[in-house]
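In what follows, a single structure is set out as structure tokens and then discussed.
The values are calculated or read from the model by the stated rules, or taken from the named source; none is laboratory data. These numbers come from a predicted model, not from an experiment. Virtual Cβ from ideal backbone geometry, glycine too; neighbours counted across all protein chains shown. The accessibility values were calculated without ligands, DNA or RNA, using every heavy atom of the protein model including side chains. Shrake-Rupley method; radii C 1.70, N 1.55, O 1.52, S 1.80 Å.
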Amino acid sequence: MTGATDSVRVVVVWVPDFPVLACGAQDGEPVAVVHRGAVVACSAAARAAGVRRHMRLPTAQARCPGLRVVERDLAAEVRLFEQVVHRVEAEVVPRLEVIRPGLIAAPARGAARYWGGEPQLSVRLVATVAELGLPARAGIADSTFVAALAARRGDGVVVPADGNAAFLSPYPVGVLGVPRLAELLKQLGIRTVGDFARLPAGRVAERLGTEGIGAHRVARGGSARPVSVRTAVQDHTVQRLFEVAEEQLDAVVFVAVALADELHERLAAAAGVVCGRVEASVETADGRILTRIFRHEGRLSSRAVAERVRGVLAAWSETGLLDAGDGEPGIRRLTLRPDGIAPDTGSQGAFDGERDTPVEVERAAARVQAVLGHRAVARIIEVGGRGPGDRIRLVPVGDVPDDGAVASDGPWQGLLPAPHPAAVYPVRRPARLTGADGAPVGVAGRLELSAEPAFLSVDGRRPAGVNGWAGPWPVLERWWARDGGRRVARMQVTTDDGHAWLLLVDRSRWWVEAHYG
């Protein structure tokens, strides 16, 4: 059973483990690239030890004790991958789009005719990337999704025309990328894409909603995206002409954020649509035009545009493409052109975790993030935990919280009882709790104090007399883990200067976690 396929054949080039390569990992070194506490990529040595993508960092470290952990740097990945993009664009296919660093797609039909066929095109692409010292695989199919799967299966896999459905048929339903739908289908006994494709489309629409319709279309050999809305009558391109050629890249990136906002407003007002791809081009002061296409999923994100424009501009600057030679330096014009237009199905972004974010607030946050960094604007979400600082987490605006970063009612043995502190310190403050003789107070394994608390000094200040305390309460976490486990105790202490503190003792050292007032 096949559905309507895309009219254009697509070739995808994939560089395996590109985030690992971008961080400078050595051959045979177990490395994990992480983002928001989860593994986004890992080396072959790490996979051999049991590390997998999407795995939580503590689990990955438990499976591979010698694992080197690197925080993901998307801008650095964009700069490095721009070398690949520029080489492929100059030598093999003249127009392509960057899905993400390490993965590019391009129309295959014209290039295949030029190079003598699709297999020859695939070989040429892989060889071109290999000249830069990077491993690569290529796949060709009727859609980007299937071509990417073909590239992952092995080098040079060409899916025949109208062969998407047959190629996808043996894959598990999880490959469709809709976890909730995949779990439901498994409960119904539908475990492969082929089984799902054989369901009547009408029944799928009735029972499984919008997500099910899109996934079913892919399973039948079509595209996950709706039919593009034609915009030939109206041009939604936005651009900014600098009166004086701009030489500061950060200033150009800031303008890119504002242009992305303007583009989104224009698309929404004119046709109620969003774009899946954005073509960014800069015109230099000496008349040259440099262009790059980026893919976006869902609603256009100003922050995503800014990150990619920043990375590409930095790469062009490092490689000398922005150098003017004997001409005038700087960038004269920045242009954003939408592509892949599709109906706007709405947004579920939540700034406060309960209601949709006002668009104005989201855009203002994106502007600040583009200037000060992605983590400069964050929202607070409630999570499970025992201590006051464990029960909240700051998530950058625009990010989706981790699966584990959700509110939890426990059980949380050792949970701090009410009343809750008025101020929780982001970083614990050192403290010294002593008895009447000036000796430090210790806590034994059975939670017995070595002496009655008499004085408390916080941050090395003059000690205050202790006039009351409660506890200690034990906290034992992750006792089964080789590393990352914690055995501490907490106490509440009041002093004669009118303050009340929450103390934590860890390896015989006292710390202040919070202040009651």
Of the conditions (1) outside any loop (DSSP other than H, G, I, E, B); (2) farther than 27 Å from Ala141 by Cα; (3) open to solvent by 30 Å² or more (accessible area, probe 1.4 Å); (4) not aromatic (Phe, Trp, Tyr), Val34 clears all except one; give me its number. (3)
Among the candidates Val93, Val11, residue that is within 20 Å of Arg292 (Cα to Cα) and in a loop (DSSP other than H, G, I, E, B): Val93
Among the residues of region 381-406, how many are under 18 Å from the mean Cα position of the chain (by Cα) and modelled with pLDDT of 65 or more? 6
Of all residues in region 127-147, which are open to solvent by 20 Å² or more (accessible area, probe 1.4 Å) and not acidic (Asp, Glu)? Ala127, Ala130, Leu132, Gly133, Leu134, Pro135, Arg137, Thr144, Phe145
Residue in region 163-173 that is in a loop (DSSP other than H, G, I, E, B) and either touching an Asp or Glu at 6+ places or on another chain (Cβ under 7 Å) or closer than 24 Å to Pro19 by Cα (or both) present: no
Search region 439-461 for residues that are in contact (Cβ under 8 Å) with a residue 24 or more places away in the chain and of a type outside the set (A, V, I, L, M, F, W, C) and pair each with any residue that is in a loop (DSSP other than H, G, I, E, B) and open to solvent by less than 30 Å² (accessible area, probe 1.4 Å) when their beta-carbon atoms are under 9 Å apart and the residues are at least 6 apart or on different chains. Pro453/Gly435; Pro453/Val441
Scope region 150-185; condition within 27 Å of Val88 (Cα to Cα) and open to solvent by less than 20 Å² (accessible area, probe 1.4 Å); matching residues: Ala150, Ala151, Gly154, Val159, Gly163, Asn164
Looking across region 276-291 at residues that are modelled with pLDDT of 80 or more and surrounded by 21 or more Cβ atoms within 10 Å (Cβ to Cβ), the single one that is nearest to Arg337 (Cα to Cα) is Ala280
Only residues that are modelled with pLDDT of 80 or more and exposed (fewer than 14 other Cβ atoms within 10 Å of the Cβ): list them for region 199-212, please. Pro200
Please identify the pairs in which a residue from region 127-138 that is β-branched (Val, Ile, Thr) has its Cβ atom under 9 Å from the Cβ atom of a residue that is part of a strand (DSSP E or B) and surrounded by 13 or more Cβ atoms within 10 Å (Cβ to Cβ), counting only partners at least 6 apart or on another chain. Thr128/Val13; Val129/Val13; Val129/Ala138
Unique residue being open to solvent by 30 Å² or more (accessible area, probe 1.4 Å), aliphatic (A, V, I, L, M) and at pLDDT 80 or above when the list is Val193, Val244, Val238, Val252: Val244
Single match in Arg461, Arg446 (criterion: at pLDDT 70 or above, more than 21 Å from Gly517 (Cα to Cα), open to solvent by 40 Å² or more (accessible area, probe 1.4 Å) and assigned to a loop (DSSP other than H, G, I, E, B)): Arg446
Note on Val70: of the conditions (1) open to solvent by less than 10 Å² (accessible area, probe 1.4 Å); (2) assigned to a strand (DSSP E or B), unmet is (1)
Scan (1) in a strand (DSSP E or B); (2) open to solvent by 20 Å² or more (accessible area, probe 1.4 Å) for the single condition Ala105 breaks and write down its number. (2)
